[in-house]
């Protein structure tokens, strides 16, 4: 049985940033990451990020990953890293069990930060399991990490930021994006992304959805149908499109499976992406000294995951008696950064979600 | 199906890795996962669903969905989207639940 | 309509431009129509000509007196929503962000495209800037006929013209 003060589950932006502020405060930690590399979803992001300088705005995602990993490596005496290692068990008494290839080990922690991020949602339509139908994030990985084209004539389903950005990245890789299809009456993501696609000649069909896919061993054709005001398919409005790839970008949902093992209080809050742990202001779950940060606590942009990571590392260190020299200043700064990121019209959903969370927390008390 | 020229990323020449796909000798490259190597060869169907034998390929690329499960060196249920490709691997399409008893 | 198609209205577009006479010198035209939490245009401007302020959701406003049209904001905007425009020697010149291969070469003539993605004119490539500072977003200077000042937005493919 290993003893560690702080175990951080997940080596994406939230986990990396938490390790950094904890280390600055003097608290040692171990990051456990199931992939062979650190960086989470940042490593495949080729576009420039939004936000402010503090969240590395205008820097490409994969460069932000390098910066955050370098920051962590600078504290090699305080931050231990285990990659290619999956957490297979999480216990209320803060025991974690891990699997690295065939080796199984146990860790007793004083505090745990679960930063496992999110996974892509699926869309239900006939034959949605045909090869050639991918999650949009999966296509990014295929193209930007492995350098492999997903197809030559592709349709994007979903016009949120991920759908719009991945469509642009498909074009950069030389793929023909035949259309972006959005069920809602308006485009979901930032209009600057949509404008980029329009001037590149990509049609955007709002109030449309995919109702069927056709193909023998791979998708060859899809059926697209118009929707009315009540989101019902309009009869006779369907048309076919020949494709060899379909990207589904209909949202992310928090990956909170580990939290089920510790019986943490959870609630379904759709504005936050699905089932989320009920957390207090310090990002602590209903289980003492088990914290969360990043997309697992609610789907937002990477900029929020970064700040939440810094914040959570700071407060957890404080909880364990390691006071960061700039504790109050940094805590206020992180809170203010998060407020700023969430205060505009695009923050409405997350604000609503967080309000529901706060209500639930009071109710539980 | 490999990207040669990209405005943002640089894909360098990588070492070739030879492996077997359904008993056929094929090539991938260093850094590939089994699924990305097969995809580069134009192979999109990776498995079949257990009961209805519907073709399945990869969906999530992150090890969550199990659509990419294949038999690798006799071991079934290998998530090929997150398994690094190695020289001489024997990769087969998995068409059933997978026989875990490896002789 | 911007929300449905990604294409702004004529009014929205014109609201981003100063008086035509001001464009005798190059100026940044920022087509950022939404309140997005983002401020690299403002922080990267060496002349302090773009104002956003404390609340980074605020839409950027260009001070056309301070703006020199250097183009730094053009390749720093994560939304690629900025161009620099000016009337020069009876042509209209633009500095645009470009992130595709192949890159255009000086003196080539490429298709000029509008916000709907329609080819509307020829665009002469005058300068291509792509250094480490650009971080892969090239800054291309092109010139088109003056009538296209409010229509031209980017280039697509070599023209046979």
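Any read-out appearing in this document is the output of simple, stated calculations on the displayed coordinates, not a laboratory observation. Keep in mind that this is a model prediction, so the values were computed, not measured. Don't worry about glycine lacking a Cβ; one is built from the backbone with ideal geometry, like all the others, and counts go over all protein chains shown.
Shielding of peptide C:94-102 by partners, expressed as the average count of other chain Cβ atoms within 10 Å per residue Cβ, is 3.
Take every DSSP beta bridge with both residues inside the range A:122-248 and express the antiparallel ones as a percent of the total, to the nearest 5. Please list the in-between numbers first.
On the way: 11 of 27 bridges.
So the antiparallel bridges amount to about 40 percent of the total.
Between the alpha-carbon centers of the range A:58-137 and the range B:22-77, tell me the distance in whole angstrom. Rounded to whole Å, the Cα centres lie 22 Å apart. Expressed in units of 2.2 N^0.38 Å, where N is the residue count, the Cα radius of gyration of the range A:39-111 is 1.44. An oblate overall shape is assigned to the protein assembly as shown, the ratio a/c of its alpha-carbon gyration tensor axes (a ≥ b ≥ c) being 1.5 or greater and a/b not exceeding b/c. Overall dimensions of the range A:201-319, expressed as equivalent-ellipsoid semi-axes from the Cα gyration tensor (√(5λ), whole Å, largest first), are 41, 15, 14. Between residue C:147 and residue C:128, the distance separating the two model label sites (each 7 Å from Cα on the Cα→Cβ line) works out to 2.9 nm. Between residue A:3 and residue A:263, the FRET efficiency estimated from the beta carbon spacing at R0 = 35 angstrom works out to 0.90. Spin-label model, residue A:358 to residue C:119: label points 7 Å out along the Cα-to-beta-carbon direction sit 5.5 nm apart. Using only the Cα atoms of the range C:2-158, build the gyration tensor, take square roots of its eigenvalues as a ≥ b ≥ c, and label the shape rounded, prolate or oblate: rounded if a/c is under 1.5, else prolate if a/b is larger than b/c, else oblate. Rounded, since a/c falls under 1.5. Modelled label positions at residue A:335 and residue C:63, each set 7 Å beyond Cα in the direction of Cβ, lie 3.3 nm from each other.
With 20 Å as the cut-off, how large is the P(r) tail for the range A:133-206, expressed as percent of Cα-Cα pairs? Please report the intermediate quantities before stating the final value.
Values: 547 of 2701 pairs.
For the range A:133-206, the fraction of Cα-Cα distances above 20 Å is 20 percent.
Taking Cα centroids, how far is the range C:44-89 from the range C:140-157 in Å? About 18 Å separates the Cα centre of the range C:44-89 from the one of the range C:140-157.
Counting helices only, and only those DSSP H runs with n ≥ 4, report the 222 nm mean residue ellipticity of the protein assembly as shown as the sum of -39,500 (n - 2.57) divided by its residues, in deg cm²/dmol to the nearest 500. Write down the numbers at each step before the final one.
Working: 14 runs with 136 residues, N = 629.
That calculation yields -6500 deg cm²/dmol at 222 nm.
Pairwise Cα separations in the range B:16-93 fall into 5 Å bins from 0 onward with the following percentages, short to long: 4, 18, 30, 28, 14, 4, 1, 0. Between residue A:121 and residue A:220, the contour length at 0.36 nm per residue exceeds the alpha carbon distance by 33.4 nm.
Overall form of the range C:5-58: oblate. Here a/c, set by the Cα gyration tensor axes a ≥ b ≥ c, is 1.5 or more, and a/b is not larger than b/c.
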